[in-house]
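The values are calculated or read from the model by the stated rules, or taken from the named source; none is laboratory data. In this text, all values refer to a predicted model and were calculated from it rather than measured experimentally. Cβ placement follows ideal geometry from the backbone for every residue including glycine, while neighbour counts extend to all protein chains displayed. Side chains are part of the model used for accessible areas, which takes the heavy atoms of the whole protein and leaves out ligands, DNA and RNA. Shrake-Rupley method; radii C 1.70, N 1.55, O 1.52, S 1.80 Å.
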Amino acid sequence: MDTNIYEGAVRSALKEFSLKQAIALSLICCHRVGSYYDRFSRAETWGNPGKLRNARTAVYNWLKGVNTDYKRQSASLEVEIPDSDDFGSVEATLAQVAAIAHYYMVEQLESKEIQLTKLVLDRCLEIADVRIQELLDKDSRMEPSIAAIESHNIYQKEMRLHVELLKGIKGSLDPVEFVDKVLAVKKDKQEQFDFRLDEEN
């Protein structure tokens, strides 16, 4: 998939989204990347993965109509974003990106800004980018080009999944029901939606 076609598809879809649909997609994305933070936190004994899980729970409850103290969630998350320069590892970079995605998701509840979902999607692509660079760096001393990254199977599958999820939410009568369906697929490791962002594709 050409990146310009992908960008156009995302922008077009989000223009027609309700806030609830947009936040549902942000939540799904954050569920996908949360494991990067968990692994980093265990390895470095830094951070609090529970706060990221609490943020996802709070957003899910908001989708179901439960009042959420999103301002407290936002402030709580900000201090849990690691500075990758302090650790100098790929794992720290991935954890930083995952935490930022969660921060955008919670900020969306306060700002009511639908386009923040695009920033969350961008963080998923950034994780794909980091993983591809790590894989390609093992085979070459030269930094991979943008074209090499964007044409890589991992990046291509990530863009296709985003488009698939956008279409799924748009066609769903109930965003909460769609979230439940997708996360159940993730839990059961079925193949309708490929959640293997943290595995080699």
Subject >> Cα shape, the range 74-144, gyration tensor, a/c 1.5 rule >> reply: oblate
Original post:
Expressed in whole Å with the largest first, what are the equivalent ellipsoid semi-axes of the range 1-121 derived from the C-alpha gyration tensor as the square root of 5 times each eigenvalue?
Top reply: 25, 19, 10
Subject >> With every protein chain in place, the chain: carbon and sulfur % of accessible area (1.4 Å) >> reply: 46 percent
Original post:
Distance in nm between label sites at E164 and T45, each 7 Å beyond Cα in the beta-carbon direction?
Top reply: 4.1 nm
Original post:
How high is the relative contact order of the chain, given as a whole-number percent (alpha carbon pairs under 8 Å, six or more residues apart)?
Top reply: 28 percent
**OP:** Using all C-alpha to C-alpha distances in the range 18-57, build P(r) with 5 Å bins and read off the rounded percent in each one.
**Re:** 6, 23, 26, 19, 14, 7, 4, 2
Original post:
With the chain treated as a Gaussian network of Cα nodes joined by springs under 10 Å, which of E143, E107, E80 yields the largest mean-square fluctuation?
Top reply: E143
Original post:
How much length, in nm to one decimal, is gained on full extension between L19 and L135, taken as 0.36 nm per residue of separation minus their Cα-Cα distance?
Top reply: 38.1 nm
Original post:
Hey, which of these cross-link pairs are over 26 Å Cα-Cα: K64/K170; K118/K167; K71/K157; K112/K157; K51/K157; K71/K181?
Top reply: K71/K157; K112/K157; K51/K157; K71/K181
Original post:
Per residue, how many Å² of accessible area does the range 107-161 show with a 1.4 Å probe?
Top reply: 51 Å²
Subject >> Dipole magnitude (debye, nearest 20) for the chain, charges at Cβ of Lys, Arg, Asp, Glu >> reply: 860 debye
**OP:** Could you tell me the distance between the Cα centroids of the range 89-142 and the range 1-17, to the nearest Å?
**Re:** 18 Å
**OP:** Would you mind working out the magnitude of the charge dipole of the range 1-108 relative to its Cα centre, with +1 at each Lys and Arg C-beta and -1 at each Asp and Glu C-beta, to the nearest 20 Debye?
**Re:** 620 debye
